[in-house]
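Chemist: Questions regarding the structure given below will be posed in turn.
The values are calculated or read from the model by the stated rules, or taken from the named source; none is laboratory data. This structure is a prediction, so every number in the text was calculated from the model and none was measured. Please note: Cβ atoms are built from the backbone with ideal geometry, for glycine as well, and neighbour counts cover all protein chains shown.
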């Protein structure tokens with residue numbers, strides 16, 4: 001399956017998209033196939049099919065194509081090593097927010113704002129100071145340079 005390339009007709013049948021929609025996305029560079037025949041006919045890889053299905057789900061979730069395009073452009077700005085975001089990242093759509101899961105972080109696709117609150121780290125810090133006589137100032141627990149060594 002890794003070396004197989006699907007025609008537009010096959011890609012449409014697999015993803016539930018129309019051939020017209022695939023053609024439009026190619027033309028507008030929203031999602032382009034990674035391969036083409038010598039005659040210029042589109043050929044989709046399996047990872048292309050994943051990206052197509054992801055984009056279709058976003059559209060089915062009432063996310064406008066222009067917003068999807070902005071998200072993809074934004075991702076390439078703050079994740080420069082990601083060449084094909086819909087292939088490499090996980091997306092979560094909640095209402096009008098598109099969250100991106102990358103490694104152990106989640107962030108807004110347009111702004112890059114982080115949506116992760118490190119609760120486990122907070123719990124470790126709370127456990128470390130539990131039972132100690134001297135309680136740190138409130139602001140000290142949430143400082144960026146807070147480490148376990150400072151508590152011990």
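Chemist: If you go through region 1-26, how many residues are without any contact (Cβ under 8 Å) to a residue 12 or more places away in the chain, surrounded by fewer than 18 Cβ atoms within 10 Å (Cβ to Cβ) and under 23 Å from the mean Cα position of the chain (by Cα)?
Modeler: So the count comes out to 1.
Chemist: Regarding residue 14, is this residue in contact with a strand residue (DSSP E or B) (Cβ under 8 Å, 6 or more places away or on another chain) and assigned to a helix (DSSP H, G or I)?
Modeler: Yes: the conditions hold for residue 14.
Chemist: Given (1) under 28 Å from residue 110 (Cα atoms); (2) out of contact with any helix residue (DSSP H, G or I) (no Cβ under 8 Å at 6 or more places or on another chain); (3) in contact (Cβ under 8 Å) with a residue 24 or more places away in the chain, where does residue 54 come up short, assuming only one miss?
Modeler: (2)
Chemist: Restricting the first residue to region 31-50 and requiring it to be at pLDDT 90 or above, which pairs with a second residue that is exposed (fewer than 13 other Cβ atoms within 10 Å of the Cβ) and in a loop (DSSP other than H, G, I, E, B) meet a Cβ separation below 8 Å and a spacing of at least six or different chains?
Modeler: The qualifying pairs are 43/37.
Chemist: Okay, next question. Mind counting the residues in region 22-43 that are outside any loop (DSSP other than H, G, I, E, B) and in contact with a helix residue (DSSP H, G or I) (Cβ under 8 Å, 6 or more places away or on another chain)?
Modeler: Adding up the residues that qualify gives 4.
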